[in-house]
């Protein structure tokens, strides 16, 4: 999945709705950040850049159930190029935000 696909998939899984980008301002090079509605929030807000933000992925991973967490570790090992084994902890702990986003998306059955 590319960056935008990962971003949208994680945002939707977290609960964001009405996702989109605001219209560019005066600068045509302006790359607006994704915005959306989040349950319990009154105003539209910027969506964290999940594939680039480890803190945001940490928060997203918290929503996984216990069984999804086991699957997440297995998927993360696959994303970082390892087979599942206890000694692979170092590589999974140091996985990038994009790798975590991809594993997360696989777990929630958005990526086959």
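Computed from the coordinates by the stated procedures, all read-outs in this text should not be read as laboratory data. Worth saying up front: this structure is predicted, and the values here are computed from it rather than measured. Glycine gets a Cβ as well: all are built from the backbone with ideal geometry, and neighbour counts include every protein chain shown.
For the peptides 75-82, 39-46, the ranking by mean Cβ contacts within 10 Å, running from highest to lowest, is 75-82, 39-46. Taking a ≥ b ≥ c as the square roots of the eigenvalues of the alpha carbon gyration tensor, the stretch 39-106 is prolate, as a/c is not under 1.5 and a/b beats b/c.
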